[in-house]
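Undergrad: So that we are looking at the same thing, I have put the structure below in structure tokens.
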Amino acid sequence: MTTNKEKALWLQKHYGGYSLQWYLSDIRRLNAIYKKEYSRFLAQRTDNIKKEHNDAANATLQRLKKAYFDVYRSDYDTDNAISRSETNARAQAIRDLWLHEEVAVTVA
């Protein structure tokens, strides 16, 4: 459980530069502001994490599509529309090569 002083200090840093005494002078106000701002802070942080994750996944997908074309001289999306299972097997083979490369780099 977060103490009122910890809430006030957090609000000073993330909400506004009001004095510690101002925050602590009205506990109901402190709790209301803290609840609103901390919820907003967590939502924004969650959105940033999701965006970073999606960006990383999209970068990996683009890397896979380029590698797929380099190896098989065929477009990944076209092959995937024709035969998902065969395209998936090919993509897994490329992914397995990447994993072996990453392990080799880590060990070296």
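Nothing in this text is a laboratory measurement; each read-out follows from the coordinates by a stated rule. Owing to the predicted nature of the structure, the values given are computational and were not obtained by experimental measurement. Note: ideal-geometry Cβ built from the backbone for every residue, glycine included; neighbour counts use all protein chains shown.
Undergrad: If I take every Cα pair under 8 Å that is 6 or more residues apart in the chain, average their sequence separation and divide by the length, what percent do I get for the relative contact order?
TA: Details: 42 pairs, mean separation 16.0, N = 108.
It rounds to 15 percent for the chain.
Undergrad: Return a single number: how many Lys pairs in the chain, at a sequence separation of 8 or more or on separate chains, have alpha-carbon atoms below 18 angstrom apart. Spell out each step's value before the answer.
TA: Values: Lys5/Lys13; Lys5/Lys35; Lys5/Lys36; Lys7/Lys35; Lys7/Lys36; Lys13/Lys35; Lys13/Lys36.
Pairs that pass both the separation and distance tests number 7.
Undergrad: So what's the angle, to the nearest 10 degrees on a 0 to 90 scale, between helix 4-14 and the longest Cα principal axis of the chain?
TA: 60 degrees
Undergrad: Starting from the eigenvalues of the Cα gyration tensor, five times each then square-rooted, give me the equivalent ellipsoid semi-axes of the chain, largest first, whole Å. Write out the running numbers ahead of the final one.
TA: Working: eigenvalues 550, 54, 21 Å².
The equivalent ellipsoid of the chain has semi-axes of 52, 16, 10 Å.
Undergrad: Nearest 0.05, what FRET efficiency do Gln21 and Ala43 give at R0 = 25 Å with Cβ-Cβ as r?
TA: 0.30
Undergrad: Taking Cα atoms, how many degrees apart are the long axis of helix 27-72 and the longest axis of the chain, rounded to 10 and kept between 0 and 90?
TA: 10 degrees
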